[in-house]
Amino acid sequence: MESPLLKLPGAVAADSPDQEVAAHYGEPAHEQRALEAGRAFVDRSNRGVVRIEGADRLRWLHSLLSQHLEGLRPGEPTEALLLSPNGHIEHHLHLIDDGTAVWAHVEPGAAPSLVEFLDKMRFMMRVEVTDVGDRYAVVTGPSGLGGTLVWPDAAGTETRIVSRDAEAEANAEADADADSDGPDLAGLSLAAFADGELRPAGIWAYEAMRIADHKPRMGLDTDHKTIPHEMGWIDSAVHLTKGCYRGQETVARVHNLGRPPRRLVFLHLDGSVDTLPVHGDAVEIPGGRTVGFVGSAVRHHELGPIALALVKRNVPVDADLLAGGVAASQEVVVSPDTGANANIDLRRTAAKRA
């Protein structure tokens, strides 16, 4: 569903998977600064929104997802993963319960397959799963916008679910007051360039903030083989002592034995090059050996060109890299020795050890 904010002056559509929202509105660097200063919001309405209601919702989701959800309190935000039987990540969910239903937002295009899977797993449980992305949208901006479905995000911002059109939603029979005290996407679109405190910032501004905060994104910084330890999602999206769930065996094995096959790294890219590596570009070490791939890359208004990449675990943490042919230095996001019983000793090249 194309965002109404793409009709604003200066709006330039983003590339896939964010083609339905604006990359920027003509001033990418200014938009980044405004977002970090609390004077801008980002339209992320291309993300999927799923609602799970029913008396058994928390107990049921607890049995399926990687997070401990049985005691989730209303208004308490969290993250969770849906894993394959082999422990590979299939969905990354941002969850919140409003007291009557659990709301989740997921990557663009992911809601239909998530709803299809959840529907198959209902059996006799008192739950109902609905894709509500046509009525609700995701927005990131400063605190104080209102609403109850709110997650803290990078650089002091908040991400929230809002109605796409509050007036139309108020006339609906169900869920009319789900976020009635917050903004709506239609209103933000109309007010975007009016005399006020907020301006729109494109998805590039959010991505710069996300990458600088070392936050990976499902589908961009992952592939079909990715497991939670490689991304550092063990701390935020996995509960290590809860009961069984799909894929738990892989999580437990890696956590107890340590050393997943790959690790997420943050890259400072050579700022003298006028191009950025693109998603999927090879990450190489000197000599041309491929050791991973570039996930997402962007130009940050202070840090310059930066990226996240997934590389082999045994790549030395101080090795110079090439990302899509661009020289890059790395910062450790996930230790090469991550795991509960691992003796963490970051690997360095022989020359730098000496």
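For this structure, a couple of remarks:
- Charge dipole of segment 1-53 (Cα centre as origin; +1 on each Lys and Arg Cβ, -1 on each Asp and Glu Cβ, all else neutral): 160 debye, rounded to the nearest 20.
- Comparing Phe293, Phe41, Phe117 in a Gaussian network model of the chain, where Cα atoms under 10 Å apart are tied by springs, the biggest mean-square fluctuation is seen for Phe117.
- Relative contact order for the chain, counting Cα pairs under 8 Å that sit 6 or more residues apart, in percent: 17
- Contour minus Cα-Cα distance for Lys225 and Ser143 (0.36 nm per residue): 25.9 nm
- A 1.4 Å probe, protein heavy atoms only, puts the accessible area of Leu303 near 80 Å².
- Model label sites at Arg126 and Glu249, defined 7 Å from Cα along the beta-carbon direction, differ in position by 3.4 nm.
- Cβ-defined net charge surrounding Val326, 14 Å radius [Lys, Arg +1; Asp, Glu -1]: -4
- Cα gyration tensor shape for the chain, rounded if a/c is under 1.5, else prolate or oblate: oblate
- Accessible surface of segment 1-137 [probe 1.4 Å, protein heavy atoms]: carbon and sulfur percent: 50
- Spacing of the two label points (7 Å from each Cα toward its C-beta) at Asn256 and Glu197, in nm: 5.2
- With all protein chains modelled, accessible area of Ser16 [1.4 Å, Å²]: 90
- Applying 1/(1 + (r/R0)^6) with R0 = 30 Å to the Cβ-Cβ distance of Glu302 and Glu76 gives a FRET efficiency near 0.40.
- Taking all protein chains as shown and a probe of 1.4 angstrom, Leu257 keeps an accessible surface of around 120 Å².
- DSSP loop GluC sites (Glu not before Pro) with at most 16 other Cβ within 10 Å excluded, longest remaining stretch of the chain: 198-301
- Eligible lysines near Lys215 by straight Cα distance, threshold 20 Å, same-chain separation 8 or greater: Lys225, Lys312
- Proximal aspartates and glutamates to Lys7, defined as alpha-carbon separation beneath 20 angstrom and excluding residues fewer than eight positions away on the same chain: Asp15, Asp18, Glu20, Glu27, Glu31, Asp43, Asp134, Asp165, Asp184, Asp195
The values are calculated or read from the model by the stated rules, or taken from the named source; none is laboratory data. Computed from a predicted structure; not experimentally measured. Methodologically, a virtual Cβ is constructed for each residue, glycine included, from the backbone with ideal geometry; neighbour enumeration extends over all protein chains shown. Please note that ligands, DNA and RNA were not included when accessible areas were found on the heavy atoms of the full protein model with its side chains. Shrake-Rupley method; radii C 1.70, N 1.55, O 1.52, S 1.80 Å.
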